[in-house]
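The values are calculated or read from the model by the stated rules, or taken from the named source; none is laboratory data. Quick caveat, the model's predicted, so the values are computed rather than measured. Reconstructed Cβ throughout: ideal geometry from the backbone, glycine too, with neighbour counts over all protein chains shown.
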Amino acid sequence: MASDTVSFAEAEHHQLIIVGSGPAGLTAALYAARANLSPVVIQGPEPGGQLITTTDVENYPGFPEGILGPAMMEKFSEQAARFGADLRWGTVSSIDLSERPFKLVVDERTPLTADTIIVSTGASARYLGLPNEQRLLGYGVSACATCDGAFFRDVEVAVVGGGDTAMEEALFLTRFATKVYVIHRRDELRASKIMQDRAFANDKIEFIWNSEVTDVLGEKGVEGITIKNNVDGSTSTLPVKGLFVAIGHKPNTDIFQGQLEMDETGYIITDGKSTRTSIEAVFASGDAQDHVYRQAITAAGTGSMAAIDAERWLAEQESAEITA
């Protein structure tokens, strides 16, 4: 809910406010700006989203030579701003969706109101919490095999996790790597039986049970990982060139808890093929509502959908007022 300590008496009002500035939010901003909605984008704590921590992006159409993640998001921002999107630094610290206009507070002090909201807050990959893991993120450490797997041709890599996502990552990586080690802290997988069967049947995949990664080795890139056996406490080094962390994602939707309908893990539920949420005039796009694909291009696609949905909703309201 919006903060009770902030007065909305003279709050700025906008037709559309977009919360978040990854591929979904910035694409929504581009479409909305071109529709003359003058959208305001509150960029959040990570302007540009997860791609800011990505090095080479080679699977986004239009960049045949590839492009660095931060450079691509800068282009997204420039294009949205060119058509009039108002990109603002700051984080939405509270929000009240109980009535329109919706009330938002940015950085606990700046009140804003809006007729429509697009939620594009994304999701964050869960990591192991190792210091070198973050230092080497994008330099051998990854949370997305689909994004980065092609960079690991003819080398050995490791995947951490035991669920369906980990099995999917491991199987995908066998297309490129010579061997894929799957490291799991237990002696059995959480993955569905069909995914387990596929992984067990693949000769390139080797399982390391009852073990955890305790360190990532390397200066300018991953050169290996240290593994601790949870049964006898022994440690060993595995000389892999890549570490893929597949222990889940957390949607950045805490601020909407109790207001928007979500699934059990916090992903916002949208209506059918639309971006409509459980509250009229609130739309959701990108990884905040997509736990299946989680790609920059699919996020951008739902961003455009959300902007179109918001534009049509506003047009319907205007038409209803004219005929009233």
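Observations on the model:
- A single entry from LYS228, LYS220 fulfils the requirement of being assigned by TED's automatic domain parsing to the domain that holds ASP154 and surrounded by 15 or more Cβ atoms within 10 Å (Cβ to Cβ): LYS228.
- Lone qualifier among ALA35, ALA11 - being closer than 20 Å to ILE118 by Cβ and out of contact with any helix residue (DSSP H, G or I) (no Cβ under 8 Å at 6 or more places or on another chain): ALA11
- Of the numbered criteria (1) outside the structural domain of ARG186 (by TED's automatic domain parsing); (2) surrounded by fewer than 13 Cβ atoms within 10 Å (Cβ to Cβ), the one TYR267 fails is (2).
Okay, residues lined up against (1) in a helix (DSSP H, G or I); (2) within 16 Å of ALA300 (Cα to Cα); (3) aromatic (Phe, Trp, Tyr); (4) in contact (Cβ under 8 Å) with a residue 12 or more places away in the chain:
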residue: PHE63; (1), (2), (3), (4): no, yes, yes, no
residue: PRO70; (1), (2), (3), (4): yes, yes, no, yes
residue: GLU74; (1), (2), (3), (4): yes, yes, no, yes
residue: ALA80; (1), (2), (3), (4): yes, yes, no, yes
residue: GLY90; (1), (2), (3), (4): no, no, no, yes
residue: SER94; (1), (2), (3), (4): no, no, no, yes
residue: VAL105; (1), (2), (3), (4): no, no, no, yes
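Here is a yes/no grid of residues against (1) crowded, with 21+ Cβ neighbours inside 10 Å; (2) over 17 Å from ILE208 (Cα atoms); (3) not assigned by TED's automatic domain parsing to the domain that holds THR265:
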residue	(1), (2), (3)
PRO131	no, yes, yes
GLN134	no, yes, yes
VAL141	yes, yes, yes
CYS144	no, yes, yes
ALA166	yes, no, yes
LEU173	yes, no, yes
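- Per-region count, the stretch 241-286, residues at pLDDT below 95, among the charged types (D, E, K, R) and outside any loop (DSSP other than H, G, I, E, B): 1
- Elements of the type helices (runs of 4 or more DSSP H) sitting completely within the stretch 111-229 and holding at least 1 residues that are more than 26 Å from GLY22 (Cβ to Cβ): these cover 164-173, 193-201.
- Checking each residue in the stretch 13-24 for being in a strand (DSSP E or B) and either surrounded by 17 or more Cβ atoms within 10 Å (Cβ to Cβ) or at pLDDT below 95 (or both) picks out HIS14, GLN15, LEU16, ILE17, ILE18, VAL19.
- Of all residues in the stretch 287-310, those being out of contact with any Ser or Thr (no Cβ under 6 Å at 6 or more places or on another chain) and assigned to a helix (DSSP H, G or I) number 8.
- Applying the condition of being under 22 Å from PRO23 (Cβ atoms) and free of Cβ contacts under 8 Å to residues at least 40 places away in the same chain to the stretch 237-262 and asking which residue is surrounded by the fewest Cβ atoms within 10 Å (Cβ to Cβ) yields ASP254.
Matching residues to (1) free of Cβ contacts under 8 Å to residues at least 24 places away in the same chain; (2) of a type in the set (S, T, N, Q):
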{"site": "ASP187", "(1), (2)": "yes, no"}
{"site": "ARG190", "(1), (2)": "no, no"}
{"site": "ASP203", "(1), (2)": "yes, no"}
{"site": "ASN210", "(1), (2)": "no, yes"}
{"site": "VAL222", "(1), (2)": "no, no"}
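- Just one of (1) of a type outside the set (D, E, K, R); (2) surrounded by 21 or more Cβ atoms within 10 Å (Cβ to Cβ); (3) within 28 Å of ASN59 (Cβ to Cβ); (4) over 27 Å from the mean Cα position of the chain (by Cα) fails for SER211. It is (3).
- Some residue of the stretch 81-92 being hydroxyl-bearing (Ser, Thr, Tyr), within 20 Å of the chain's Cα centre (by Cα) and under 15 Å from ALA33 (Cβ atoms): no
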